[in-house]
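Please read the structure below before turning to the comments.
The values are calculated or read from the model by the stated rules, or taken from the named source; none is laboratory data. Here the structure is a predicted model, which is why all the values come from computation and not from measurement. Cβ sites come from the backbone with ideal geometry, for glycine too, and all protein chains shown count toward neighbours. We work out accessible area using only protein heavy atoms, side chains counted, and drop any ligands, DNA or RNA first. Shrake-Rupley method; radii C 1.70, N 1.55, O 1.52, S 1.80 Å.
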Protein chains: 4
Amino acid sequence: MMDLIETERILKLAIKNSENLKCEGEVASYIPELANVDQDNFGVSLTTTEGETVSLGDDKFKISIQSISKVIDLIMALEDVGAEKVFSKVGTEPTEYKFNSLIPIEEKVVNPFLNAGAITTSSLISGSDVINKFNRVMKKVSELSNGDEVTFLEEVYKSEMRTTDRNRSIAYYLKSIGIIEGNAEEILDLYVRGCSIGLNVRQLSTIGAVLANGGRSLDNKVQLVEKEVVKTTLALMATCGMYEESGKYLIEVGFPSKSGVGGAILGIIPGKCGVCTYSPRLDESGNSIRGKKVLAEISKTLDLNIFI
Amino acid sequence: MMDLIETERILKLAIKNSENLKCEGEVASYIPELANVDQDNFGVSLTTTEGETVSLGDDKFKISIQSISKVIDLIMALEDVGAEKVFSKVGTEPTEYKFNSLIPIEEKVVNPFLNAGAITTSSLISGSDVINKFNRVMKKVSELSNGDEVTFLEEVYKSEMRTTDRNRSIAYYLKSIGIIEGNAEEILDLYVRGCSIGLNVRQLSTIGAVLANGGRSLDNKVQLVEKEVVKTTLALMATCGMYEESGKYLIEVGFPSKSGVGGAILGIIPGKCGVCTYSPRLDESGNSIRGKKVLAEISKTLDLNIFI
Amino acid sequence: MMDLIETERILKLAIKNSENLKCEGEVASYIPELANVDQDNFGVSLTTTEGETVSLGDDKFKISIQSISKVIDLIMALEDVGAEKVFSKVGTEPTEYKFNSLIPIEEKVVNPFLNAGAITTSSLISGSDVINKFNRVMKKVSELSNGDEVTFLEEVYKSEMRTTDRNRSIAYYLKSIGIIEGNAEEILDLYVRGCSIGLNVRQLSTIGAVLANGGRSLDNKVQLVEKEVVKTTLALMATCGMYEESGKYLIEVGFPSKSGVGGAILGIIPGKCGVCTYSPRLDESGNSIRGKKVLAEISKTLDLNIFI
Amino acid sequence: MMDLIETERILKLAIKNSENLKCEGEVASYIPELANVDQDNFGVSLTTTEGETVSLGDDKFKISIQSISKVIDLIMALEDVGAEKVFSKVGTEPTEYKFNSLIPIEEKVVNPFLNAGAITTSSLISGSDVINKFNRVMKKVSELSNGDEVTFLEEVYKSEMRTTDRNRSIAYYLKSIGIIEGNAEEILDLYVRGCSIGLNVRQLSTIGAVLANGGRSLDNKVQLVEKEVVKTTLALMATCGMYEESGKYLIEVGFPSKSGVGGAILGIIPGKCGVCTYSPRLDESGNSIRGKKVLAEISKTLDLNIFI
């Protein structure tokens, strides 16, 4: 069991030690609405598998989860159609190509955390139509974040839909080679909706804690995500979760994580806790600069590295 | 602490359950001497961080460690010249290319577990000449495997040197773009010598246990490998250790591992144990077929998956 | 001046000698309407720069020109916006990738005869809207083919628009990286309309003869295409006109050509003649099998190879 | 028949018009000996198929022909073992990769004008040993250049052999995948010897004229190169002769050419003449800057473009 007072002390120290990075990097601007945030904002939250949460900084702001939705898309696809079907369409291997690349798409999309991969897993989510499917996604996210209200950031969604030429290109490409079936526009719509979900750091670290708890609710009463699905998801987060610097990140931070260009990073320390940072300034790979720094520090000071 | 009697029972069961794979796959033959083994041979060994070992099957046969030597090359390069220098020449990211490919070499070799990466780390090992350098490698391996005698498989070495056109090509390529300095033939020689080290499964699982123990000897008296080096090595084994199916393997088995075309797989479960299987028949990626099956099974039955 | 009677004799012989290929290869079927043709049909036409035409076989059938429209798109883009602008967006180099690949698109599309290249040159054609632009294209084709009526194959157009996921993907990709400006759907529409132009072999060989005549009308009264544009177009047809077997084709046939999956091949022998074959069965690259055979033979027998 | 006095006037003009490029670009320095030349030197020669030569500037200097030897290697391989065997090992398609790249080597080397391609064609030249094979090459070059003495630039050869890590890498790579057979060091040696042949611009333009003459000696008495081989060679020079800017060059200059990093460009205008420029300063692709300018100009003013 983690000592919460000590944890808070260490988190505070990490925040202080990363103050100098407050203005480094650039806020994502290719989705115009994403640039409309307080660029120097910061928040962090850690939730233990026992359900205790320590949060500091801005723990209220509803961050656009962006690529973190790929974790949800994967989980739902695995639960809805099974691993065999999912992995007939997306692979399990990392790639050096960028998240929006079309190159690593041949018979399969190389992994589910590329945009192409998540558009594919989105296409496998069950439901009668886009709205019904997305309601299922929202419900899942709400369950995993302990029943809190989940926000749909409509302005982000609209902004992204207006500028999503690349993802539309990917969707039609996947359609042209038979990786996705059904209506490409609708699948794209569902994918973008997922990216536009708004969650604060406390909600995200709670989701992380559930995964760290083997998929069980933090009161241990309900298996919210199948254990086998958790295992698969965490392994993929370890190898592919941080874009094309996933390998470097795993050395420096040492636990499965997934970042989003909205500025959040969600980390999972199996058996211990979920952790989430928010800082919207990104490096060239699309990962939050200050977030990475804070996570690397607390990985050491709180002994969270899974390899040592 | 692991229950050794239960562990032995579970290992026996895994061996029995994988009997059907005994004759599947092909023994590596591109190094002629590697084909001169009992193709259906099998051995497995598990060593706890407390220093207890359970082994079954052929635990005497001196396996040519082949690519497992890349772990040693990396550790020694990191200790000899430091991470900054090493990672100025080799990267930290997985790749979909095969272990002997030249494609993922641009400014750097993409990771240290490609042949090109290990030739590069070999070039960074300190020593007055090839023999001196290789003696240091042998000494290191001996220390890590608890002082047991380490064998140099001279026939394997000679056989490989006669057929190592591809690795020679790689060495000169690395030389031509300045990634390696010094004499390409000598660096190649050192690399091939490392591949020709002979260890049995007990020795290998002992090495694994030391790494699982954070680099400390199993009596906890000596820090044999720097903790920071262990952390880096295990993260890279997790993302790149099993050739181009590293991602899939991490989902199925769930702990950092490194395979060699000699038929061994070395797995490391931090804080718990090292484990090694030997079965010389390989799949197309170059990983031992029966070894993978046994490791996947005991990962579940002995609860060794680091993600769950 | 070519001897027309001898030419006819030689064409007849080439047809006879290629009878055995009549049923080899497959008619393009990814655009369903393209499969609705007489699969064993054949036609050939040769038009000298003096304006004489010899044609044999089916010289009435209106072939969907498909990729041969890329030649027209290039000519019009070069005339409308100039070489500098065109070659800031498409390159001039061949590629081993297939015609519908997205890989050879980085800062530029690698050449104008990939689908991506022709979508780009289409985007540079002047006009107030799609219909106006396409009318200009039809007028140009009519002028080049000696004023004959040019057909728009509406069923082919509709069929292609229903199944053009890949080209739509390409259009949005080009839009996402700023290579095309304006409305991606409209640009795609214009491109597909061009592919759906219907011309018989006599019309096509006449177009070829105009280009062989340095862009002048065959009565030498009007410069229909700027000489500089002709030069550029023929060089690109020589290096990139026959998809990923352009190099092989240039060895075997020896004059600039452009094929279309509708089954036509248009060849140009500078200073001598234009030639067109029609046979809808294709090889794996998308080139007409019998067409290639006939062109290779008459290249020798009529001494049309530009290199010897 | 070309007017020689007019030709000389036009060549003089082209030289004058390119004076401003005299100091642009860099002399090749990766082979140290190649840098030991008068960097601002210039020469040009044009030989008609009737055997008349006009030369200006330095027409005595023995240029290291470097990659122009690839033309000879190809011709000899085609004559020695036949097209079928040659093209089972090297392809016929251009590539965007640089001349010393290993990427475009899969089942075959993509074309004979990459280093890897020429090492492969070198391996197919008949002879009892390296010296015998190279003597055959020298004899061939002598015949093609009208019996003039051909120089072997021993210092260039020695300098290149000391620094040829990349080509050695390529040779062993080709050996490792079975494209070349025999001793990789000897094949490399033969290839480098070919690069070290020294010829002046008059000799080179004479070789060009023979190829322009369909392979017949300029007195039309002897078929020095088989017609079929000439046809193949010129087509490949058109598509792949100027490294990764072959397509652009064919647009701008408009006849088959081959450049060498020694600073020469050899151009062939079928039925008319051979032409050679020498100017050792190169652009980034490895082509002579002033040479290209002069050739582009005289292509227009002497009407040498084969497409118009």
(request) Considering only residues that are in contact with a Phe, Trp or Tyr (Cβ under 6 Å, 6 or more places away or on another chain) and open to solvent by less than 10 Å² (accessible area, probe 1.4 Å), look in the range B:242-267 and name the one that is farthest from B:Phe99 (Cα to Cα). (result) B:Gly254
(request) Quick one: in the range A:67-99, of everything that is of a type outside the set (Ser, Thr, Tyr) and part of a loop (DSSP other than H, G, I, E, B), which residue is farthest from the chain's Cα centre (by Cα)? (result) A:Gly82
(message) Given (1) touching a Cys at 6+ places or on another chain (Cβ under 8 Å); (2) open to solvent by less than 10 Å² (accessible area, probe 1.4 Å), identify the lone condition not met by D:Ser159.
(response) (1)
(request) Looking for whichever is of a type outside the set (Val, Ile, Thr), more than 10 Å from every other protein chain (Cβ to nearest Cβ), surrounded by fewer than 24 Cβ atoms within 10 Å (Cβ to Cβ) and within 17 Å of C:Met2 (Cα to Cα) here; the options are C:Lys272, C:Lys293. Which one fits? (result) C:Lys272
(request) Take D:Gly262 and decide whether it is more than 10 Å from every other protein chain (Cβ to nearest Cβ), part of a loop (DSSP other than H, G, I, E, B), small (Gly, Ala, Ser) and in contact with a helix residue (DSSP H, G or I) (Cβ under 6 Å, 6 or more places away or on another chain). (result) yes
(request) Answer yes or no: is there a residue in the range B:175-191 that is of a type in the set (Lys, Arg), within 11 Å of another protein chain (Cβ to nearest Cβ), over 30 Å from B:Asp148 (Cβ atoms) and part of a helix (DSSP H, G or I). (result) yes
(message) What's the number of the only condition in (1) more than 9 Å from chain D (Cβ to nearest Cβ); (2) touching a Ser or Thr at 6+ places or on another chain (Cβ under 7 Å); (3) surrounded by fewer than 24 Cβ atoms within 10 Å (Cβ to Cβ) that C:Asn305 fails to meet?
(response) (1)
(message) Of the conditions (1) in contact (Cβ under 8 Å) with a residue 60 or more places away in the chain; (2) away from chain C (no Cβ under 14 Å), A:Gln223 satisfies every one except a single condition; which number is it?
(response) (1)
(request) Among the residues of the range A:1-39, write down those that are of a type in the set (Asp, Glu), within 21 Å of A:Val54 (Cα to Cα) and loosely packed, with under 14 Cβ neighbours inside 10 Å. (result) A:Asp3, A:Glu6, A:Glu19
(message) On the basis of being polar (S, T, N, Q), within 13 Å of B:Val201 (Cα to Cα) and in contact with a Leu (Cβ under 8 Å, 6 or more places away or on another chain), does B:Thr277 make the cut?
(response) yes
(message) Step by step: first the residues of the range A:115-130, then only those that are open to solvent by 10 Å² or more (accessible area, probe 1.4 Å) and not in a helix (DSSP H, G or I), then the one that is nearest to A:Cys240 (Cα to Cα). Which residue is that?
(response) A:Leu124
(request) Inspect all residues belonging to the range D:192-202 and state whether any of them is of a type in the set (A, V, I, L, M, F, W, C), open to solvent by 10 Å² or more (accessible area, probe 1.4 Å) and in contact with a helix residue (DSSP H, G or I) (Cβ under 9 Å, 6 or more places away or on another chain). (result) no
(request) Check A:Leu56, A:Leu46 and return the single one that is surrounded by 21 or more Cβ atoms within 10 Å (Cβ to Cβ), in contact with a helix residue (DSSP H, G or I) (Cβ under 7 Å, 6 or more places away or on another chain) and part of a strand (DSSP E or B). (result) A:Leu46
(request) Please work out which residue is nearest to B:Thr239 (Cα to Cα), limiting yourself to the range A:100-138 and to residues that are within 15 Å of the chain's Cα centre (by Cα) and within 13 Å of chain B (Cβ to nearest Cβ). (result) A:Asn111
(message) So for the range B:232-240 (the condition being open to solvent by less than 10 Å² (accessible area, probe 1.4 Å), in a strand (DSSP E or B) and not aliphatic (A, V, I, L, M)), does at least one residue qualify?
(response) no
(request) Mind listing whichever residues of the range B:241-254 are in contact with a Lys or Arg (Cβ under 9 Å, 6 or more places away or on another chain) and either more than 8 Å from chain A (Cβ to nearest Cβ) or not charged (D, E, K, R) (or both)? (result) B:Gly241, B:Met242, B:Tyr243, B:Tyr249, B:Ile251, B:Glu252, B:Val253, B:Gly254
(message) Condition (residue is of a type in the set (S, T, N, Q) and either more than 24 Å from B:Met237 (Cβ to Cβ) or free of Cβ contacts under 8 Å to residues at least 24 places away in the same chain (or both)) applied to the range B:144-155: is it met by at least one residue?
(response) no
(request) Return yes or no: is B:Gly51 in contact with an Asp or Glu (Cβ under 9 Å, 6 or more places away or on another chain) and on the phi > 0 side of the Ramachandran plot? (result) yes
(request) Would you check which residues across the range B:167-188 are surrounded by fewer than 20 Cβ atoms within 10 Å (Cβ to Cβ) and in contact with a helix residue (DSSP H, G or I) (Cβ under 6 Å, 6 or more places away or on another chain) and list them? (result) B:Glu186
(message) Anything in the range B:12-43 that is part of a loop (DSSP other than H, G, I, E, B) and small (Gly, Ala, Ser)? List them, or say none.
(response) B:Ser18, B:Gly25, B:Ala28, B:Ser29
(request) Scan the range B:131-143 residue by residue and report those that are open to solvent by 20 Å² or more (accessible area, probe 1.4 Å) and touching a residue at least 40 places away in the same chain (Cβ under 8 Å). (result) B:Lys133, B:Arg136, B:Met138, B:Lys140, B:Glu143
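Here is a yes/no grid of residues against (1) under 24 Å from A:Glu6 (Cα atoms); (2) touching a residue at least 60 places away in the same chain (Cβ under 8 Å):
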| site | (1), (2) |
| --- | --- |
| A:Asn20 | yes, no |
| A:Glu26 | no, yes |
| A:Leu34 | no, yes |
| A:Val37 | no, yes |
| A:Gly43 | yes, yes |
| A:Thr47 | yes, yes |
| A:Gly51 | yes, yes |
| A:Lys62 | no, yes |
| A:Ile75 | no, yes |
(request) Look through A:Glu284, A:Glu244 and report the one residue that is part of a helix (DSSP H, G or I), modelled with pLDDT under 95, among the acidic types (Asp, Glu) and under 30 Å from A:Glu33 (Cβ atoms). (result) A:Glu244
(request) Would you mind telling me which numbered condition in (1) farther than 22 Å from C:Ser55 by Cβ; (2) in a loop (DSSP other than H, G, I, E, B); (3) more than 7 Å from chain D (Cβ to nearest Cβ) C:Gly214 fails? (result) (3)
